[in-house]
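Structure first, commentary second.
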Amino acid sequence: MDHLALPTAMIETPTVLADWVIVLPLVLALLGAALLLMLRQIRHVPALIAGLVVIAIIACEVALLQRIAVEGPLSMTMGKWLPPFGISFTADIFGAGFALAAALVTLIVIIYAEGERGPDERGDGFHALVLLLLAGVTGAFLTGDLFNLYVWFEVMLIASFGLIVTGGRPLQLDGAVKYGFLNFLATTLFLLSLGLIYGLLGTLNMADIIGKATTANPAALTGIAALLLLAFGMKAAAFPLNAWLPASYHTPPAVISALFAGLLTKVGVYALLRALVQLLPASRDILEPALLLVAIATLLIAPLGAIAETNLRRAIGFLVIGGIGAVLAGIALPSEGGVAGAALYVFHAILTMTALYLVAGLIERRTGQRDTRLMGGLYAASTPLSVLFLVLVLATAGVPPFLGFWPKLLLLDAGLQQALAGDWADGVLVLALLANAVLTLIAGSRLWAHVFWRSGAEGASEHETITLRTPGAREQWFGLGASVVLTALIVLAGLWPNLLFEGARTGAADLVDPARYIAAVGLAEATP
Amino acid sequence: MDYALAVLVGLFIALGVYLLLSRSIIRMLLGVTIFGNGVNLLIFTAGRLTREVAPIVPAGLDQPAGPIANPLPQALILTAIVIGFAMFSFLLVLAYRAYQELDADNTDTMRLAEPEDAPRPPLSY
């Protein structure tokens, strides 16, 4: 037997124990979801277990981030086959950082849900589905294989299907039909482009694709990149594929809307960032005019939608889309600064959009209304709520010193540099970013003025006060408490952004020059 | 053979898109399924079609003796079929429930989440 004539294809040594930290968050989330499915009928237990599991996941991800900060991207390959044959999980700063933000937000949502969920909702599998959703999102952030990314997209999708119809009110079914069809179509389009990539390059491992894409037919590759832009743009709700988001995000209970707003669209833009900036940079350059157009349109149209909307949570849905525009702006800019800004914006959006929906849920419970025309006078009734909402609106618009300001600063800086270098289209993008900030501020402060500042409902006289429900102690502690913690986190991160800045810059450098990423997977010598 | 299958993939996807453009949810469901099957066929074709033997390494050898069929697309398609079926069944139940609750198979009449006579935006600041 000529063993030596064959290149080694198998991993002979067992995985180092410390490397398991890459997949541990996923294992915990999936096992937790299975366990909770069995224990869902017991009182109080599901929330407790879900909380503990998410805390363990957060601990794993902090440890993972610490290792990545020291050693660079980490990789682990399944099934003893060497990459590109085995399925790799490759975590870099962006993947691990977003996964950490997602887990943090999930923990807050689980705590918040304790204040909102009544005894009749016991046994509906909410906590199991939340953990399954977190598993899908974490998997999408940490995987290093394109087909595996598709599988995690579907895990995420089926969990979100379950969550959006929880309760089964007609309104939810209506939203779920639109959400379900369009998102399933988007993942099928992703599968389509994935099949074409496999046919063209013969590989699905991301690190391997980076190496092989440089020598492939650029026309075919750009076609595939355009399909990926279509698929991920649909998942991310970029204009003109955004119609499903404002049609569905306001239909489930507020706590589920919050989870969706924080996690789902962000995975879409993360995949776009990974696929266009890291995997197919040459095709991204060709697609740049299209990206610019989509980014500018999304930036401008989304806040206008929010201004025209009277349903509170639908209006916030449009603000979520505006955030997607900012991330797309970063992808449309060809510099490292733009990528860093986009990534930092994703981190900010995961926290801020969730917090906005959570506070909107509290507002809806206090007023008993969904329509801002019927709300008013909440400022006198609940000062903490009004402060929270105002802070979050300012953070969304990107007013310093809140977290939203820093990514916008990076984006504007990167855009201005391009514009000054003579690229007029990037100048338009800079103007669109500024206009987006102003319009978002107008939309948000109008919502604030209508809900909190005005003494009563629209058209009511000065002395007519609106009847408000007094919240129960449970709702106050869990609901308001969780929202305050998340908002405090956003404020603190805005005041001390150095760590985030450093992470975004390192991550962007790794994304633009993937040498360290490829080396981590172990394919450095294989690429010519 | 590749060309024939490529044409078939095109037909499947064209039919899927056509049905998806319909207003009836049942037609859309069929469209999604046909679209998905077109994609599965595409992955199969992308893995290169051969008339070669099954990818089994004979006993006593370290690698297959001659050219073999590509086993990877089958694994990919199997995963995609399972996922697609799960999604299809969910959407089917959803469509049935929506028909029961909203009495509508036509997406034009499903306007609960987005009311047709949407209120005008508030004019006060």
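What follows is calculated from the coordinates using simple rules that are stated; it is not laboratory data. None of the values given here were measured: they were computed from a predicted structure. Counting neighbours? That spans all protein chains shown, and the Cβs are built from the backbone with ideal geometry, glycine included.
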Please compute the net charge surrounding B:L19, taking Lys and Arg as +1 and Asp and Glu as -1 over other residues with Cβ under 15 Å from its Cβ. +1
At q = 0.15 Å⁻¹, what log₁₀ I(q)/I(0) does a Debye calculation on the Cα points of region A:78-222 give, no solvent, two decimals? -0.89
How do A:T203, A:T215 rank when sorted from fewest to most other Cβ atoms within 10 Å of their own Cβ? A:T215, A:T203
Total charge of the residues flanking A:Q41 in space, meaning their Cβ is under 11 Å from its Cβ, with Lys and Arg +1 and Asp and Glu -1, is +2
Can you give the Kirkwood hydrodynamic radius of chain A from its Cα pairs, in Å with one decimal? 23.3 Å
Does region A:1-89 come out rounded, prolate or oblate, given a ≥ b ≥ c as the square roots of the eigenvalues of its C-alpha gyration tensor, rounded meaning a/c under 1.5 and, failing that, prolate meaning a/b above b/c? oblate
Overall form of region A:215-353 per C-alpha gyration tensor (a/c, 1.5; a/b vs b/c): prolate
If you look at just the Cα atoms of region A:381-438, how large are its Rg and its Dmax in Å? 14.8, 53
Using Cα springs under 10 Å in a Gaussian network model of chain B, which residue among B:L76, B:L15, B:L42 shows the largest mean-square fluctuation? B:L76
Between region A:341-355 and region B:76-96, what is the separation of their alpha carbon centroids in Å? 32 Å
Could you tell me whether chain B comes out rounded, prolate or oblate from its Cα gyration tensor? Rule is a ≥ b ≥ c as square roots of the eigenvalues, rounded for a/c under 1.5, then prolate if a/b exceeds b/c, otherwise oblate. prolate
Could you put B:V82, B:V39 in order, starting from the residue whose Cβ has the fewest other Cβ atoms within 10 Å? B:V82, B:V39
Give the aspartates and glutamates whose C-alpha is closer than 16 Å to that of A:K212, dropping any in the same chain fewer than 8 places away, or say none. A:D145, A:D513, A:E525
If I take every Cα pair under 8 Å that is 6 or more residues apart in chain A, average their sequence separation and divide by the length, what percent do I get for the relative contact order? 17 percent
Shielding of A:174-182 by partners, i.e. mean partner chain Cβ atoms within 10 Å per residue? 6
May I ask you to sort A:S445, A:S75, A:S88 by Cβ crowding, counting other Cβ atoms within 10 Å and putting the fewest first? A:S445, A:S75, A:S88
So if I take the centroid of the Cα atoms in region A:48-87 and the same for region A:10-37, what is the distance between those two points in Å? 8 Å
Placing each pseudo-label 7 Å from Cα in the direction of the beta carbon, A:Q476 and A:A226 end up separated by a distance in nanometres of 6.0 nm
Show me the GluC sites (Glu not before Pro) within region B:29-118 that DSSP assigns to loop and that have at most 14 other Cβ atoms within 10 Å of their Cβ. B:E52, B:E116
So what is the 222 nm mean residue ellipticity for the protein assembly as shown from helices alone, if each DSSP H run of at least 4 adds -39500 (n - 2.57) and you divide by all residues, rounding to the nearest 500 deg cm²/dmol? -22500 deg cm²/dmol
Euclidean distance of C-alpha centroids, region A:99-140 and region A:208-270, integer Å: 22 Å
